[in-house]
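Notes follow the structure.
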Amino acid sequence: MYKYHLYLITDSKLAGDRSNKEVVEATISGGADLIQLREKDYTTRQLIKEGRELLKVTRKAGIPLIVNDRVDVALAIDADGVHLGQEDMPLVEARKILGKDKIIGISTHNLEQAMEAEAEGADYIGYGPVFATTTKGRAPVGVESLKRVMKVIKIPVFAIGGIKLNNLKQVIEAGTNRVAVVSGIVAADDIKKTSEAYKGMLISGNISVDNPYLSDSKK
C-alpha cells in the first residue's frame, strides 16, 4: 500500500455527462493509482455491472479497484478490496470472507478509531473529513487532528474530505502525501490535468513533518 498516493473515489452525480469509466480513465492517465467505486444510490445489480466495467480499465492499467462498503459486491466481481465505514461489517469478518490477499481499508474520524483499525489489520485508513465537504455528513476533523494521527499510525493514511489543490499543501505538511479525492477531481473541467496537478504535488510537495512512512522506499 505504500506506493499509492492519489486515490480517486467515484461519484456519478458530480461527473456531469461523463461516465464513471470516462472519469476513471482520465484520472488514471493523470496519475491516480487507486480507485474506489462508491455509488450510494446504486442497486446491487448496478454496482456489480459498474464494477465489472471499471475492472476492465483498472486491470489493464495495473491499478487496484476497491468497492465501497459492499463486501458481497467486492467478492462477486473479484475486486481488489473493499473500503469499510465505521457502521459496516467488522474488518475481521470482512477478512474472513475476502481472504488475506485483498485490500481492506477503513474510514476513521479520530485517533482511537485509527488505532483500532491498525490493530485489527487494516491495510490502510481513510482519515477525515479533514476539511468541510458535501460528500461526508459530519464536521471536519481538521489538520491538527490529522497531524496527531500521523505521529502514531504506521499503516498508510489517506487524508479525505474537502481536499482541493489550494489546501493540499496543508495536508502534506500534516504528514501524509496520500489523499482520497472525490469532487476535487470528479467535478473538474479537465480531469486528467487536475489529477496530474494533485499527483505532482503529492510526490514532490514540501513535507515538513518528519515521518518515515512518507517515503516511497516502503512498497
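Quick one: is Ser29 under 26 Å from Thr134 (Cβ atoms) and polar (S, T, N, Q)? Considered against the rule, which asks whether it is under 26 Å from Thr134 (Cβ atoms) and polar (S, T, N, Q), Ser29 comes out as no. When Ala32, Ala15 are screened for being surrounded by 14 or more Cβ atoms within 10 Å (Cβ to Cβ), within 20 Å of Ala187 (Cα to Cα) and touching a strand residue (DSSP E or B) at 6+ places or on another chain (Cβ under 9 Å), only Ala32 passes.
Among the residues of region 109-124, is any in a loop (DSSP other than H, G, I, E, B), more than 25 Å from Val181 (Cβ to Cβ) and in contact with a strand residue (DSSP E or B) (Cβ under 9 Å, 6 or more places away or on another chain)? Yes: one or more hits. For region 167-175, the criterion of being over 17 Å from the mean Cα position of the chain (by Cα) and among the acidic types (Asp, Glu) is satisfied by at least one residue.
Restricting attention to region 35-79, and to residues there that are β-branched (Val, Ile, Thr) and closer than 25 Å to Ala188 by Cα, which single residue is nearest to the chain's Cα centre (by Cα)? Taking the candidates together, the pick is Ile35. Looking only at region 23-76, which residues are within 20 Å of Phe158 (Cα to Cα), of a type in the set (D, E, K, R) and touching a Phe, Trp or Tyr at 6+ places or on another chain (Cβ under 9 Å)? Asp33, the sole residue that qualifies.
Taking region 1-32 as the range and being out of contact with any helix residue (DSSP H, G or I) (no Cβ under 6 Å at 6 or more places or on another chain), of a type in the set (A, V, I, L, M, F, W, C) and either under 12 Å from Thr58 (Cβ atoms) or modelled with pLDDT under 95 (or both) as the test, only Met1 passes.
Being farther than 27 Å from Arg138 by Cβ and crowded, with 17+ Cβ neighbours inside 10 Å holds for only one residue in Glu50, Glu25, and it is Glu25. Looking only at region 189-198, decide whether some residue is modelled with pLDDT of 95 or more and not in a helix (DSSP H, G or I). For region 189-198, residues modelled with pLDDT of 95 or more and not in a helix (DSSP H, G or I): present. Looking only at region 149-171, residues that are buried (at least 21 other Cβ atoms within 10 Å of the Cβ), β-branched (Val, Ile, Thr) and not in a loop (DSSP other than H, G, I, E, B) come to 4 in all.
Kindly evaluate Pro129 against the criterion of being in contact with a Gly (Cβ under 9 Å, 6 or more places away or on another chain), modelled with pLDDT of 95 or more, under 19 Å from Tyr4 (Cα atoms) and buried (at least 18 other Cβ atoms within 10 Å of the Cβ). So Pro129 fails the test.
Looking at this structure, is Gly16 touching a residue at least 60 places away in the same chain (Cβ under 8 Å) and either closer than 24 Å to Lys199 by Cβ or assigned to a loop (DSSP other than H, G, I, E, B) (or both)? Against the criterion (touching a residue at least 60 places away in the same chain (Cβ under 8 Å) and either closer than 24 Å to Lys199 by Cβ or assigned to a loop (DSSP other than H, G, I, E, B) (or both)), Gly16 qualifies. Checking each residue in region 32-68 for being of a type outside the set (Gly, Ala, Ser), in contact (Cβ under 8 Å) with a residue 12 or more places away in the chain and part of a helix (DSSP H, G or I) picks out Thr44, Leu47, Ile48, Glu50, Arg52, Glu53, Leu54, Leu55, Val57, Thr58. Checked against (1) touching a Ser or Thr at 6+ places or on another chain (Cβ under 8 Å); (2) part of a helix (DSSP H, G or I), His83 passes all but a single condition, namely (2).
The values are calculated or read from the model by the stated rules, or taken from the named source; none is laboratory data. These figures come from a predicted structure and were not determined experimentally. No Cβ is skipped: glycine too gets one built from the backbone with ideal geometry, and neighbour counts run over all protein chains shown.
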